[in-house]
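All remarks here apply to the structure that follows.
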Amino acid sequence: MEKFFALIGFFEILLVLFMQWEVYTKKIITTFSIASYTIAVFLFYLGIMENKYLVVILAVLTAGVRGFFIPWFMKKRIVRDPWREREIKPTISTALSILISLSVVIFAYVLYRITFYDSVHLSDGSIPIALILQGVFLMISRRNAFIQLIGYMMMENAIFLFEGYLFPALPFIVEAGVILDLIGIIAIAGIVVKMMKNSTTDSNEFDELKG
Amino acid sequence: MGYIYSLPMIFTAIGAVLCLSRSMYFEEFVSVISALATVVVTGTVVFLPDFSNGFLYIDGLSKIMLIMISAIYTSTVIFSTTYMKYIENPLFEKNFYYFLMNLFAFTMFFTVSVNNFGLMWVGVEATTVTSALLVATENNESSMEATWRYIIIVSSGLIISLLSNVFIYSATHTLSLSMLMSMKVTNAGKILTLGSMMAIVGYGTKAGIFPMHTWLPDVHGKAPAPVSAIFSGVLLPVALYVMARILQIVPVESVRIFSFALGFLTVLIAAVLMVAQGHYKRLFAYSTMENMGMALIGLSLGKYAFIGAIILLISHAFAKSSAFFLTGNVLAKYKSHKMTDVKGISKRMPFTAYTLMFSSMAVTGTPPFGTFIGEFMIIYGMLLNFPLFYTLTLVGFLALAFIAVNFKIGKMIFSESDGEMMERKRVGRIVPMVNTSLAFLVVFLIPQIQEILSKGMIR
Amino acid sequence: MLLIFLSILQLFYVLLLSPLIFGIFSKFEERIESKKGPSIFQPYYDLFKLFRKQVVVPEVSSPFFHVVPYVEFALYSLLTLVLPIITAFPLEFGPTVDFIGGGLIFGAAALLKKIASLDSRSNYSHLGVSRAASMGALAEPITVLIFIMLGVISKTNNPYIINNVLQTSSSWYLSLTHWFVAAAFFMILLVETGKLPIEHHSTAELGMIDQAMDLEYSGMDLAFYKWGGYIKKFLLMSVFVNVYTVPFFVPMKYNLSSIAIYTGIHFLKLLGLVISMGLLEESISKFRLFKNFDYMAISFSLAFLSFLAFYTTNGGF
């Protein structure tokens with residue numbers, strides 16, 4: 001199980017690095033969908049093997065909402081030609097952001113070793129923490145609302161992975177998961193759709209939101 | 001016996017469901033009734049003993065939060081009944097607005113009365129779910145952008161606090177508040193310390209505390225006035241309530257110093273940014289940040305400063321909600337967010353003008369108001385714990401904030417203008433006036449507040 | 001004595017077969033594009049023709065320019081004697097250098113090529129040199145990181161021992177550490193052999209990197225230059241299949257018949273690699289020049305993740 005977890009975890013880290021590399025929104029959405037499905041498969045397997053139905057519920061949530069619904073909805077909502085929708089000028093250059101994402105992974109490992117490792121004794125528990133931080137960085141480094149939302153959802157995936165694997169007994173995690181998904185759905189339903197209609201507008205009219 | 005403590009939640013939930021029906025003025029009527037009912041219930045709860053079972057945990061702090069929420073919720077709903085007509089082109093129907101507002105109040109009541117950090121987190125995150133669309137009510141480009149920033153920043157901050165839940169659970173093997181309170185952690189390990197710090201940062205996002213405060217001015221600037229009022233008045237204190245719980249269960253020096261530092265930096269940054277503001281709603285938003293920073297300092301110091309922080313939060317809730325209602329009045333009539341466009345309020349809207357003057361004095365901690373007593377107690381606590389230099393710096397920045405707010409608002413009120421009278425009628429005048437005077441009347445209730453906090457009830 | 005014989009055998013195997021691999025490669029690509037394509041022996045014809053042509057050297061260049069192709073050819077030939085190509089035990093010259101040493105010889109040859117191209121004083125060559133130098137400056141640390149990781153796996157820097165470890169220990173062979181290293185090396189291999197996401201084999205100077213460097217050579221100089229290039233790519237590909245990805249069947253003990261059989265298997269392995277690289281090249285398009293650095297960053301991340309995988313899966317420091 002530990003080897004399987006390490007495999008899935010490093011695969012996820014690679015996928016987030018790939019998202020940092022990619023500029024086309026559609027490809028990032030597809031990558032995110034793959035990442036969610038992978039985590040869902042792992043959680044499902046874990047839940048079945050260790051007979052924990054809560055983890056199975058988490059897996060179903062992950063696959064249904066973040067694997068299928070949100071990517072599907074986003075792809076439907078890309079207004080211009082899907083293959084053309086992309087980040088024109090990222091805030092941080094791509095190569096630098098890949099390297100920062102990598103160093104975030106290393107930071108998470110060090111953090112995990114000095115805090116958790118003494119009590120948990122699972123050497124690969126740092127991977128979900130790394131994924132959370134990578135998600136934060138994906139959000140910071142891009143301006144596109146879709147990609148920011150994907151960064152947030154990636155954090156959520158990582159939280160599920162963390163709790164499903166390390167603390168399956170944690171109370172109220174399913175409720176928390178439902179709420180997190182609700183946030184995502186509210187966000188895309190109410191906001192993104194509106195914003196995307198004018199995705200090309202200049203940011204001058206947001207002058208009021210500065211300072 | 002326990003059911004009475006959950007009545008505020010039940011009333012708001014029923015109110016929310018009833019609001020879904022579409023008949024004229026029915027949703028306003030239902031909301032006002034359920035809000036008043038919560039006031040009555042929370043008013044009686046303070047005379048009842050502490051209570052905790054598997055689901056609820058009500059002690060003195062929760063009772064004070066319940067009263068605050070119900071009072072601000074009531075005034076917001078009443079103010080909304082006449083204010084909503086000034087919003088052109090709203091994002092949704094009026095009944096959906098009240099539905100969300102009631103649900104929002106429900107999530108806040110839920111957060112302050114549950115007995116579990118996991119559920120508390122769920123409650124705080126649910127406040128984001130229910131309030132996100134409220135922010136976007138005005139339905140224009142920049143309010144959408146503000147909502148987007150609100151959702152994305154606050155929810156990622158809250159993911160950090162979810163992680164802190166995991167940390168706390170792994171260190172103590174429980175998330176139940178009553179068990180953690182009886183545990184009396186004195187020597188916290190690395191995980192618990194780190195978890196508490198993450199909780200401070202995570203919930204601090206929702207409370208507008210320094211490193212992740214950036215959503216706050218945008219949202220308060222662009223949300224409609226009643227929503228800004230309820231955000232500033234009680235939503236941020238609800239997040240502070242969770243932080244206060246964390247500080248209560250992990251009374252470790254490093255966590256206290258950490259939250260003190262964050263609160264201190266918040267005050268500094270807010271005071272500096274206030275000087276540069278040209279939009280009056282954003283000015284009050286930064287003033288909220290400053291007050292939250294002060295309250296966090298108070299919570300981190302404990303003892304008298306803790307009581308001071310609670311007094312500050314209560315009187316600030318009344319004063320700041322009143323201030324935001326009044327900015328709503330000004331915005332409705334002048335149609336501009338900019339200070340330079342708003343001139344001579346005292347000539348054109350005298351009631352609004354003088355109430356605004358008093359409430360802006362109240363939010364900056366001028367003597368007759370409760371905020372002054374609260375800040376005074378916090379500063380006294382600081383003098384006992386820290387070198388004089390820190391206290392003087394803090395007082396200096398508080399003075400800067402005081403001058404910035406009162407000078408700018410004073411210029412808006414007392415400048416010359418030759419427009420005609422355009423004062424708002426009954427509700428638009430009375431609600432802010434009542435709230436401002438409540439911010440003052442809190443002063444007389446300080447002994448009772450202290451009694452609730454120390455004994456849990458008033459005998 | 002036998003070791004010397006095997007060394008000479010290996011040398012001739014590499015020298016003679018390296019152009020063939022690239023003939024097959026281009027034929028395969030053309031077939032995918034539904035064209036007839038050149039004969040698989042086309043590189044030999046080219047070399048043969050170049051050997052008979054007159055050598056013309058730029059007037060402004062120094063004698064150094066004329067010497068470099070021969071030195072480069074010699075360096076790459078030296079490398080064939082020390083790397084595991086048809087045997088997994090060290091041959092006569094094997095003990096002289098390890099992986100780092102081999103890397104240094106590669107680096108020396110690349111440096112000489114760059115200096116000679118600068119010496120040709122052609123603008124296009126200068127363009128190619130500056131591009132190749134900036135790519136190389138980023139590829140070098142990644143290569144070193146890869147070698148260090150292999151050193152961590154086998155506790156030595158000897159390519160033969162690395163091959164033996166991976167061949168015998170399935171836990172190392174299946175470990176994440178090893179596969180991250182292999183993936184990173186594959187990305188570097190595409191850079192060093194000038195394959196598609198990095199370099200397109202057309203005459204458009206916008207995307208030229210390595211091709212721009214030999215523009216001023218002619219005749220026998222060019223023949224040796226090109227032949228040296230074939231050997232270099234052949235060696236890198238051999239190392240990739242023999243050490244990184246499929247270290248199986250390489251004879252670990254001296255046995256003439258198994259070595260003879262393995263020579264055939266090795267050629268088949270290379271053919272497999274060539275086919276997969278051809279398929280890759282047909283399915284992706286070239287990056288813009290500045291996007292190459294993002295590619296390098298990903299490759300560096302892979303090499304570094306292998307470090308992390310080593311620490312997490314093997315119980316840490």
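The values are calculated or read from the model by the stated rules, or taken from the named source; none is laboratory data. Small disclaimer: the values here were computed from a predicted structure and weren't measured. Note that each Cβ is placed from the backbone with ideal geometry, even for glycine, and that neighbours are counted across all protein chains shown. Areas reflect the complete protein model, heavy atoms only, side chains present, ligands, DNA and RNA absent. Shrake-Rupley method; radii C 1.70, N 1.55, O 1.52, S 1.80 Å.
So if I check each of B:Ile307, B:Ile297, B:Ile246, B:Ile269, which one is open to solvent by less than 10 Å² (accessible area, probe 1.4 Å) and either farther than 19 Å from B:Ile168 by Cβ or not in a helix (DSSP H, G or I) (or both)?
Matching residue, one of B:Ile307, B:Ile297, B:Ile246, B:Ile269: B:Ile297.
Give the residue, chosen from B:Met412, B:Met433, B:Met422, that is among the hydrophobic types (A, V, I, L, M, F, W, C) and farther than 21 Å from B:Ala319 by Cα. Even if it seems obvious, please write down each step before you answer.
Values: B:Met412 fails: farther than 21 Å from B:Ala319 by Cα; B:Met433 fails: farther than 21 Å from B:Ala319 by Cα.
Exactly one of B:Met412, B:Met433, B:Met422 is among the hydrophobic types (A, V, I, L, M, F, W, C) and farther than 21 Å from B:Ala319 by Cα, namely B:Met422.
Within the range A:17-45, count every residue that is in contact (Cβ under 8 Å) with a residue 40 or more places away in the chain and either open to solvent by 10 Å² or more (accessible area, probe 1.4 Å) or within 10 Å of another protein chain (Cβ to nearest Cβ) (or both).
Within the range A:17-45, the subset in contact (Cβ under 8 Å) with a residue 40 or more places away in the chain is A:17, A:19-21, A:23-26, A:28-30, A:32, A:35-36, A:39, A:42-43, A:45.
Of the ones still in play, those that are also either open to solvent by 10 Å² or more (accessible area, probe 1.4 Å) or within 10 Å of another protein chain (Cβ to nearest Cβ) (or both) are A:17, A:20-21, A:23-24, A:26, A:30, A:45.
Residues meeting the conditions: 8.
Please give the helices (runs of 4 or more DSSP H) falling wholly within the range C:123-176 in which 1 or more residues are of a type in the set (Gly, Ala, Ser).
Helices (runs of 4 or more DSSP H) meeting the threshold: C:123-154, C:170-173.
From (1) open to solvent by less than 10 Å² (accessible area, probe 1.4 Å); (2) in contact (Cβ under 8 Å) with a residue 12 or more places away in the chain; (3) at the interface with chain B (Cβ under 10 Å from one of its Cβ atoms), pick out the condition that doesn't hold for A:Leu166.
For A:Leu166, the failing item is (1).
For the range C:163-172, state whether one or more residues are in contact with a helix residue (DSSP H, G or I) (Cβ under 6 Å, 6 or more places away or on another chain) and open to solvent by less than 10 Å² (accessible area, probe 1.4 Å).
Among the residues of the range C:163-172, at least one is in contact with a helix residue (DSSP H, G or I) (Cβ under 6 Å, 6 or more places away or on another chain) and open to solvent by less than 10 Å² (accessible area, probe 1.4 Å), which makes the answer yes.
Can you tell me which residue within the range B:203-256, out of those that are within 21 Å of B:Val122 (Cα to Cα) and basic (Lys, Arg), is farthest from the other protein chains (Cβ to nearest Cβ)?
Only one residue tops the list, namely B:Arg245.
Does B:Leu163 qualify as being surrounded by 22 or more Cβ atoms within 10 Å (Cβ to Cβ) and either more than 7 Å from chain A (Cβ to nearest Cβ) or part of a helix (DSSP H, G or I) (or both)?
Yes: the conditions hold for B:Leu163.
If a residue has to be more than 15 Å from B:Phe167 (Cβ to Cβ) and part of a helix (DSSP H, G or I) to count, how many in the range A:114-127 make the cut?
Of the residues in that region, 1 qualify.
For the range C:192-202, check the following and say yes or no: at least one residue is hydroxyl-bearing (Ser, Thr, Tyr), surrounded by fewer than 21 Cβ atoms within 10 Å (Cβ to Cβ) and modelled with pLDDT under 85.
yes
I need the full set of residues from the range A:144-163 which are open to solvent by 10 Å² or more (accessible area, probe 1.4 Å) and within 11 Å of another protein chain (Cβ to nearest Cβ), in order please.
Passing the criteria: only A:Gln148.
Conditions first: (1) surrounded by fewer than 20 Cβ atoms within 10 Å (Cβ to Cβ); (2) within 24 Å of the chain's Cα centre (by Cα). B:Lys347 passes all but one, so which condition is the exception?
(2)
Name the one entry in C:Leu268, C:Leu273 that is at pLDDT 90 or above, open to solvent by 40 Å² or more (accessible area, probe 1.4 Å) and not charged (D, E, K, R).
Result of the check over C:Leu268, C:Leu273: C:Leu268.
Give all pairs with beta carbons closer than 8 Å in which a residue from the range B:199-223 that is touching a residue at least 40 places away in the same chain (Cβ under 8 Å) and on the phi > 0 side of the Ramachandran plot meets a residue that is of a type in the set (Ser, Thr, Tyr) and part of a helix (DSSP H, G or I); count only pairs at least 6 apart in sequence or on separate chains.
If the second residue must be of a type in the set (Ser, Thr, Tyr) and part of a helix (DSSP H, G or I), the pairs left are B:Gly208/B:Thr266; B:Gly208/B:Thr288.
For the range C:16-26, state whether one or more residues are loosely packed, with under 14 Cβ neighbours inside 10 Å and among the hydroxyl-bearing types (Ser, Thr, Tyr).
no
Take the residues in the range B:82-114 that are outside any helix (DSSP H, G or I) and either without any contact (Cβ under 8 Å) to a residue 24 or more places away in the chain or within 30 Å of B:Gln450 (Cβ to Cβ) (or both); name whichever of them is least open to solvent (accessible area, probe 1.4 Å). Reasoning before the result, please.
In the first step, residues of the range B:82-114 are kept if they are outside any helix (DSSP H, G or I); the result is B:87-93, B:114.
With either without any contact (Cβ under 8 Å) to a residue 24 or more places away in the chain or within 30 Å of B:Gln450 (Cβ to Cβ) (or both) added as a condition, the list becomes B:88, B:114.
Numbers: B:Glu88: 129, B:Val114: 0 Å².
Once the filter is applied, the top-ranked residue is B:Val114.
May I ask you to list pairs of residues, at least six apart or on different chains, whose Cβ atoms are under 9 Å apart, with the first in the range B:137-153 being more than 7 Å from every other protein chain (Cβ to nearest Cβ) and the second being of a type in the set (S, T, N, Q) and not in a helix (DSSP H, G or I)?
B:Glu138/B:Asn89; B:Asn139/B:Asn89; B:Asn140/B:Asn89; B:Arg149/B:Thr214; B:Ile153/B:Thr214
Would you call C:Lys49 basic (Lys, Arg), assigned to a helix (DSSP H, G or I), open to solvent by 70 Å² or more (accessible area, probe 1.4 Å) and modelled with pLDDT of 90 or more? Steps first, please.
Working: basic (Lys, Arg): yes; assigned to a helix (DSSP H, G or I): yes; open to solvent by 70 Å² or more (accessible area, probe 1.4 Å): yes; modelled with pLDDT of 90 or more: yes.
Yes.
Hey, among the residues in the range A:126-137 that are aliphatic (A, V, I, L, M) and away from chain C (no Cβ under 14 Å), which one's nearest to A:Glu22 (Cα to Cα)?
A:Val136
Please state which one of A:Ile186, A:Ile191 is modelled with pLDDT under 75, of a type in the set (A, V, I, L, M, F, W, C) and open to solvent by 10 Å² or more (accessible area, probe 1.4 Å).
The unique qualifying residue is A:Ile186.
Out of A:Ser101, A:Ser123, A:Ser97, A:Ser119, report the one residue that is under 22 Å from A:Leu43 (Cα atoms), within 11 Å of another protein chain (Cβ to nearest Cβ) and among the polar types (S, T, N, Q).
It is A:Ser123.
Keeping to the range C:208-250, report how many residues are over 19 Å from C:Phe185 (Cα atoms), among the small types (Gly, Ala, Ser) and surrounded by 19 or more Cβ atoms within 10 Å (Cβ to Cβ).
3
One line per residue, one yes/no per condition, for (1) over 18 Å from the mean Cα position of the chain (by Cα); (2) open to solvent by 60 Å² or more (accessible area, probe 1.4 Å):
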site: B:Ile4; (1), (2): yes, no
site: B:Gly15; (1), (2): yes, no
site: B:Arg22; (1), (2): yes, yes
site: B:Glu27; (1), (2): yes, no
site: B:Ser31; (1), (2): yes, no
site: B:Thr38; (1), (2): no, no
site: B:Thr44; (1), (2): yes, yes
site: B:Ser62; (1), (2): no, no
site: B:Ser80; (1), (2): no, no
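Give me a count of the residues in the range C:301-317 that are buried (at least 21 other Cβ atoms within 10 Å of the Cβ) and either over 17 Å from A:Phe107 (Cα atoms) or basic (Lys, Arg) (or both).
0
Quick one: which of A:Leu14, A:Leu7, A:Leu54 is within 13 Å of the chain's Cα centre (by Cα) and surrounded by fewer than 19 Cβ atoms within 10 Å (Cβ to Cβ)? Before the answer, list the steps.
Numbers: A:Leu7 fails: within 13 Å of the chain's Cα centre (by Cα); A:Leu54 fails: within 13 Å of the chain's Cα centre (by Cα).
The match here is A:Leu14.
Test A:Ile140 against the criterion of being within 7 Å of chain B (Cβ to nearest Cβ) and modelled with pLDDT of 85 or more, and give yes or no.
no
How many residues, within the range C:288-300, are open to solvent by 20 Å² or more (accessible area, probe 1.4 Å) and more than 7 Å from chain A (Cβ to nearest Cβ)?
Looking only at that region, the number is 5.
In the set B:Leu177, B:Leu158, B:Leu133, which member is touching a Lys or Arg at 6+ places or on another chain (Cβ under 8 Å), surrounded by fewer than 24 Cβ atoms within 10 Å (Cβ to Cβ) and hydrophobic (A, V, I, L, M, F, W, C)?
B:Leu177
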